[in-house]
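One structure is given below, encoded as structure tokens.
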Amino acid sequence: MKFLNINTIFLMVVGVLSAQETNSDWPVLKTYDQEHIQKIKMPVGGIGTGTVSFTGRGSLEDWEIMNRPAKGFNPTLENWGPVKEKGPFFAIFMEDEDGNKQTRLLEGMQDEATFEGTWGATSNQHGLPRFNNTTFKTAYPFGQAYLSDKEVPVAVVVEAFNPLIPGNIDDSSIPIVILNYKVKNTSNKDLSISLAGSIQNFIGFDGTRGKAIKNINTIREENELKGIHYTSNGVDPKSEQWGTMSFVSLNKGETTYRTAWQKKTSRWDKKRLDFWDDFSEDGILEKRENKNANAPMGSLAVKTTLKAGEEKNFRFLISWHFPNRQTWDKPGFQKHIKATVGNYYTTKYADSWEVITKTIPRLKTLENSTKAFVNSLIKSDIPEEIKESALFNLAHLRTQLAFRIKSGQLLGWEGLFDTYGSCFGSCTHVWNYEQTTAFLFGGLAKTMREVEYKYATDNEGLMSFRVYLPLKEGNKWGKAAADGQMGSIMKFYRDWQLSGDDAFLKEHWPKVKKSLEFCWIPGGWDANKDGVMEGSQHNTMDVEYFGPNPQMGFWYLGALKASEEMANYLGDKTFAKTCKKLYQKGSKWMDKNLFNGEYYEQHIEPPMSADKVAPSLMGITTGDKAIDLTSPDFQLGKGVLVDQLVGQFFAHLVGLGYLADENHIKTTLKSIMKYNYVENMASHANFHRSYALGNESALLMAAYPNGRPVKPFPYYTEVMTGFEYTAAIGMLQEGLTEEGLLSIRNIRDRYDGKKRSPFNEAEAGHHYARSMVAWAGVLATTKFHYSAVEKSMSFTSKPGTYFWSNGYSYGTCEVKEKEVNLTVLSGSLELAQFSLEGVGTKKIKNQTINSGKSINIKL
């Protein structure tokens, strides 16, 4: 195998980065005290690569790097009994001038909830000494655990991150954890210290599936690069769990290793005791032999000295490379189709060691670029709760929620259960809400549209709202969702506008057009072509609505308006006129018939017989069993639906304006706050899943001030953050600023590190895709809009400095009275006109603004 020239690499690196002298000055948006760290698990890994979680205590848990979710998996193989949790860990040895010695785990105290179990405590390395005091500081993707203890002569900051740069997909998709241990001698004596990390070779076992067989740990030393390369001689190379891992040190000092721990000789396993005694003696690891170990432990230690008051930084890297991703394997869904679809990230590297050697020369650049992005956002004049919700939910995109197959397309689950995905197929009516990908990584968003129109949509215009893998089987699901299909049209319009890619538009327009025409088939959603959806409308509530309703209605109006714009651009005037006519009729009808003076409601209009409903729109909820069409259950009825204006929310994001009467829209949002807002959830009766409890505040899925169906849609008493964000951001769009910010603040207060992880907003599973709608809060508060088609940009006229991103470039915009300073921090921006809301528009000589450049615009 060919490797980069390590001499060259380190000549490049050492000149700009000394691992023991770096002062990273990482950005901080939020600080969590010791009472609010135990639930913190920050995913560290690249887009489509899997992640390892960095906890609020400074440990590494949830090793989800082998193509599948693995919550709670801390590789602990070949150990007897459930209490012997021996997952990966780092430790520090200290010895002062007088010979006093201490050894501690490099992490804070574990959660007291883990103290009790059948066999005692259940936390990882539960019996080993650690630091008593911990705080956690973060601005995703940076995490910092501050460790201290009055009995220990050092203070330590444990830092973890993975590069994240808007518009730069490859640099944001590196399968690596970058770890820093900043150790400060807080005593008045010189110290001899050693840092050791131990990670088992668990290749072949992902926490649930597979088995480690004949794995091998190999020491590699090439100049300053020293580490352990993990491979396997027994795991099937075609297995999804087959691959490589690497664990390296970039530190000066005496480096020692173990490629195995002591061989097990009895049930009273003393391997960990042997390691602890050895390391605690002098901080130097003696070698051990265990030739028959299938999953050998690998340990690496670096020893040096710290003068009184001195601080040094120790940097370690962990990388992985698992190329054999399989198709969806959700039980009961695509269980009969098995194939290897691969991982795009593994096409960039030969193995995990090459991940290291290719990344090292660029570490400082990648870190600085990531800091530049995060700082430009958190230092902007955007409300704190908006910045937090947008940035922290971005973490979902880097978990096993989303993956990029070998051919390059991005796909995703709805969420993640502990050991498998929740609801397969890049479900359109869930991913409709997500705005993070489009505005930060536009190229990836376009691949999702490619999947929807090239593979999931048939020649009749039916878009399978779940796509099969491999992609040649894409439309085999064969079921259409009204909101998913209409929302996909709006997403396509958004992604064309942000990219300005006319070839993209022309290639997919025939199927986009056909997917709208599907509304008009006999027995379809709008079979009579009156601009109103009346038919069997499967939707994100996992039911079919029968009859006109605002949720489907506004999606439809938005799709009609977006289609009119695209048709006019392409010269398809006849189709554009049809879309305009239906939009105008539908909008007027909904305002007249569905708006009840406070909000929009559903008119339940069931078909009288099954032959009045298109076969592809029937039986989704009931598993193809017949349902009572004369009086269907699970309807919205006269309820106040929390996201009834989701189509309107989206229309504002993409510059399509109002889809209905402006006053009605504002009144509806006020009514959602009036009826759906619960100050204290302890007073609320919920009969399904609970995502808000006790004294927490939230927006309910639905309220029924005017009468409730006996069996309303199943989630009506629940609380789900993606829907709350949609309503709250809609409020921000309409000037209901305090109400919108309150609702977002309430969400983030629930994910406070004590009760829930700030990086894991759940719905049907962990890291739920819908919560990535939170990025739209940045757009709503800045009034940012960009069209690469028109080369136009617009902003709020409220003075301040604001972050912006369009999926391909990002920067800041400093707004003064009738004047702006527009800066591009990464990528390039084409601009021909600029507008300030309520001030005016300035034509600009068409120009390209490159990274690092600014222009001044006076209006």
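Every number here is computed from the coordinates shown, using simple stated rules; none is lab data. All values reported here derive from a predicted model rather than from experimental measurement. So basically every Cβ, Gly included, is an ideal-geometry build from the backbone, and we count neighbours across all protein chains shown.
Structure data summary
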read-out: Largest to smallest principal axis extent of the C-alpha atoms in segment 44-151, angstrom; value: 50, 37, 24
read-out: For segment 6-363, alpha-carbon Rg over 2.2 N^0.38 Å; value: 0.96
read-out: Mean projected area (nm²) of the alpha-carbon convex hull when segment 380-782 is viewed from all directions; value: 18.3
read-out: Residues 98, 149, sorted so that the one with the fewest Cβ neighbours within 10 Å comes first; value: 98, 149
read-out: Translational D in µm²/s for segment 449-607 (Stokes-Einstein at 4 °C, 1.567 mPa s, Kirkwood Rh from C-alpha pairs); value: 82
read-out: Order of 198, 563 - criterion: other Cβ atoms within 10 Å of each residue's Cβ, fewest first; value: 198, 563
read-out: Overall dimensions of segment 232-381 as given by Cα atoms, namely Rg and Dmax in Å; value: 21.1, 64
read-out: Stokes-Einstein D for segment 785-858, Kirkwood Rh over Cα pairs, 10 °C, 1.306 mPa s (µm²/s); value: 132
read-out: Alpha carbon centroid spacing (whole Å) that separates segment 95-140 from segment 662-696; value: 40
read-out: Only Lys, Arg (+1) and Asp, Glu (-1) charged, at Cβ; the chain dipole about Cα centre in debye; value: 1560
read-out: Fraction of alpha-carbon pairs over 23 Å apart in segment 339-428 - percent; value: 47
read-out: Relative contact order (%) - criterion: Cα under 8 Å, at least six apart; region: segment 380-782; value: 20
read-out: Quarter of the Cα convex hull surface for segment 723-859, i.e. its orientation-mean projected area (nm²); value: 9.4
read-out: Total charge dipole magnitude, segment 64-166, about the Cα centre, Cβ charges on Lys, Arg, Asp, Glu only, Debye to nearest 20; value: 400
read-out: For 220, 404, order by how many other beta-carbon atoms lie within 10 Å, fewest first; value: 220, 404
read-out: Above-threshold pairs, the threshold being 22 Å between Cα atoms, out of 561/670; 479/573; 592/670; 506/577; 364/406; 41/371; value: 561/670; 479/573; 364/406
